[in-house]
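S.K.: Submitted below is the structure of interest, expressed as structure tokens.
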Amino acid sequence: MKKIYLIDGNSFIYRMFFAIPEFKTKDWLFVNALFGMAKFFVWQLTKENPDYLVFIKDAKWDNFRHQIYADYKATRDRMPDNLRTQISLIEDMISKMGFEIIEIPNCEADDVIGTLATSLWQDKNNDIYILSGDKDLYSLCQTNVKIYDTMKQKIYDYELAKTKFDVNPEYIIDYLAIVGDSSDNIPGIEWFWPKKAVDLINKYGTVEEIFAHINDEDFILSGKTLEKLKASNEIAMLSKKLATIKKDVELENFYLENFTFKKDNILNDEVKQLFKRYEFNSLYSEEKNLKTWKDLNLKVQIISNDEDLEKLKNILKNYKKVFFDTETTSLSIMQADLVWISIYLDDENIFYINVLHDGEKVPRESVKEFLKYLFSLDIEIIGHNLKYDLEIIEMFLNSNFTLKSQEKIKSDYWQMTLSL
């Protein structure tokens, strides 16, 4: 299978800007969104290593949807100035990494993505991932087209998209036509919340089919609710038109091979110079400055398999206090993935559990079982910024393992007694 990433550029940059607290270079240039995008390319994309990557932007100015509804996206706040100044920097960085940015006049990125996904889907050897959080794009989910929400580190295939909206993905546009979409100022039908939309769609199908059955004697709505629906035919059809993703955008001279992902080119000399200029030291370090645990006189035992993890479990039984820390791929809880866990018991017992770094790793399921075991012990856990660590762990354990804690601040540390 050829793994193809289609990135919804505008949505992605916006989410990055609001996910990472604002910070500036020594020259007072805001670079938080740029840093987030740089880290995403350097750390995450090189790890996932897709075969192809296509970065798509909304066209400047109004598009055809504004022509049919002047208030389309009218409720959106103006782009923050501190983000606006970073857009050209981000585009310059992406270009230096060797990626072309697609922008089609009069079209939104969603329409270009819809066209590409529909075209590329026909080759069953293509495994297509749409990197976005936009609701309407979930309508594209099918056998080999998925939504990849990188902020939540979750991939939605057809069945998961169906679970998310309670309707089949092919009806998600009809769902939005009924409930509306406040982010794009798509009106929908007033007072019709998700439950009503789901009931109508799962009973009748599309918006057109719903209105075709509206006078049936056994129609599932009655009274004032039915009257409201009957009076909303025009707004529902307009809303559907606004929400519908075009799948026939003219893409001249598009050749997938021109978008080959070359991870070795991500950190080329030009990009390194750019990172130096914007003080992204964590993304680029000179080899001569790197230090090892041996240089720091630390006796660290690397845990990289199930056998060593079991030994650590047995050692933990002899301790009543543990110093605990995590390292992740991001400061944003919703974007981060767990890279390692460090456990300090005493100077002779320091452990590094490798989850994501290069080399042999402990399987993720084994790490989950270890964390459940650790937090079930009658043991004091000490760390710096443990609140963040706990949220990361809860995300990592993925929903059905809940951490309950009583918090007490002591010096610069969070000290917590934890129980299941």
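S.K.: Name the single residue, out of those in segment 258-276 being in contact (Cβ under 8 Å) with a residue 40 or more places away in the chain and part of a helix (DSSP H, G or I), that is nearest to Asp110 (Cα to Cα).
M.R.: Phe259
S.K.: Within segment 44-67, count every residue that is part of a loop (DSSP other than H, G, I, E, B) and either of a type in the set (Gly, Ala, Ser) or more than 20 Å from Phe254 (Cα to Cα) (or both). Give the derivation first.
M.R.: So in segment 44-67, the residues part of a loop (DSSP other than H, G, I, E, B) come out as 49-51, 58-63.
Now restrict to residues that are either of a type in the set (Gly, Ala, Ser) or more than 20 Å from Phe254 (Cα to Cα) (or both): 49, 59-63.
Result for segment 44-67: 6.
S.K.: Only one of (1) at pLDDT 90 or above; (2) closer than 30 Å to Phe18 by Cα; (3) out of contact with any helix residue (DSSP H, G or I) (no Cβ under 8 Å at 6 or more places or on another chain) is not met by Ile341, so which one is it?
M.R.: Failed condition: (3).
S.K.: So for segment 283-303 (the condition being modelled with pLDDT under 85, touching a strand residue (DSSP E or B) at 6+ places or on another chain (Cβ under 9 Å), aliphatic (A, V, I, L, M) and closer than 30 Å to Val54 by Cβ), does at least one residue qualify?
M.R.: No, segment 283-303 contains no residue that is modelled with pLDDT under 85, touching a strand residue (DSSP E or B) at 6+ places or on another chain (Cβ under 9 Å), aliphatic (A, V, I, L, M) and closer than 30 Å to Val54 by Cβ.
S.K.: Could you check how many residues of segment 193-230 are free of Cβ contacts under 8 Å to residues at least 12 places away in the same chain and either aromatic (Phe, Trp, Tyr) or exposed (fewer than 12 other Cβ atoms within 10 Å of the Cβ) (or both)?
M.R.: Looking only at that region, the number is 11.
S.K.: Sticking with this structure for a sec: Can you name every residue in segment 148-182 that is free of Cβ contacts under 8 Å to residues at least 40 places away in the same chain, closer than 15 Å to Leu238 by Cα and in contact with a Gly (Cβ under 6 Å, 6 or more places away or on another chain)?
M.R.: Val179, the sole residue that qualifies.
S.K.: Being over 20 Å from the mean Cα position of the chain (by Cα), surrounded by 23 or more Cβ atoms within 10 Å (Cβ to Cβ), on the phi < 0 side of the Ramachandran plot and modelled with pLDDT of 95 or more, is that true of even one residue in segment 116-125?
M.R.: Restricting attention to segment 116-125, the residues satisfying the condition of being over 20 Å from the mean Cα position of the chain (by Cα) are 116, 118-125.
Next cut, surrounded by 23 or more Cβ atoms within 10 Å (Cβ to Cβ) only: 116.
Filter once more, so that each one left must be on the phi < 0 side of the Ramachandran plot: 116.
Now drop any that are not modelled with pLDDT of 95 or more, which leaves 116.
Yes: one or more hits.
Let's see how each residue does on (1) farther than 24 Å from Thr329 by Cα; (2) surrounded by 15 or more Cβ atoms within 10 Å (Cβ to Cβ); (3) touching a residue at least 60 places away in the same chain (Cβ under 8 Å):
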{"residue": "Trp43", "(1), (2), (3)": "no, yes, yes"}
{"residue": "Asp51", "(1), (2), (3)": "no, yes, yes"}
{"residue": "Asp81", "(1), (2), (3)": "yes, no, no"}
{"residue": "Lys96", "(1), (2), (3)": "no, yes, yes"}
{"residue": "Gly114", "(1), (2), (3)": "yes, yes, yes"}
{"residue": "Lys135", "(1), (2), (3)": "yes, yes, no"}
{"residue": "Lys146", "(1), (2), (3)": "no, yes, no"}
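S.K.: Moving on to the next point. Check segment 248-255 and report whether any residue there is of a type in the set (A, V, I, L, M, F, W, C), on the phi < 0 side of the Ramachandran plot and within 24 Å of the chain's Cα centre (by Cα).
M.R.: Narrowing segment 248-255 to residues of a type in the set (A, V, I, L, M, F, W, C): 249, 251, 254.
Next, from what is left, pick out any that are on the phi < 0 side of the Ramachandran plot: 249, 251, 254.
Narrowing the set further to residues that are within 24 Å of the chain's Cα centre (by Cα) leaves none.
Checked segment 248-255: no residue is of a type in the set (A, V, I, L, M, F, W, C), on the phi < 0 side of the Ramachandran plot and within 24 Å of the chain's Cα centre (by Cα).
S.K.: Can you spot a residue in segment 241-249 that is in contact with a strand residue (DSSP E or B) (Cβ under 8 Å, 6 or more places away or on another chain) and not hydroxyl-bearing (Ser, Thr, Tyr)?
M.R.: yes
S.K.: Let me ask you something else. Check segment 194-206 and report whether any residue there is outside the structural domain of Asp136 (by TED's automatic domain parsing) and farther than 27 Å from Cys141 by Cα.
M.R.: no
S.K.: Residue check, Val167 against (1) surrounded by fewer than 16 Cβ atoms within 10 Å (Cβ to Cβ); (2) not in a helix (DSSP H, G or I), all met but one. Which one?
M.R.: (1)
The values are calculated or read from the model by the stated rules, or taken from the named source; none is laboratory data. Just so it is clear, the structure is predicted and the values come from calculations on it, not from any experiment. As a convention, Cβ positions derive from the backbone with ideal geometry for all residues, glycine included, and neighbour counts pool all protein chains shown.
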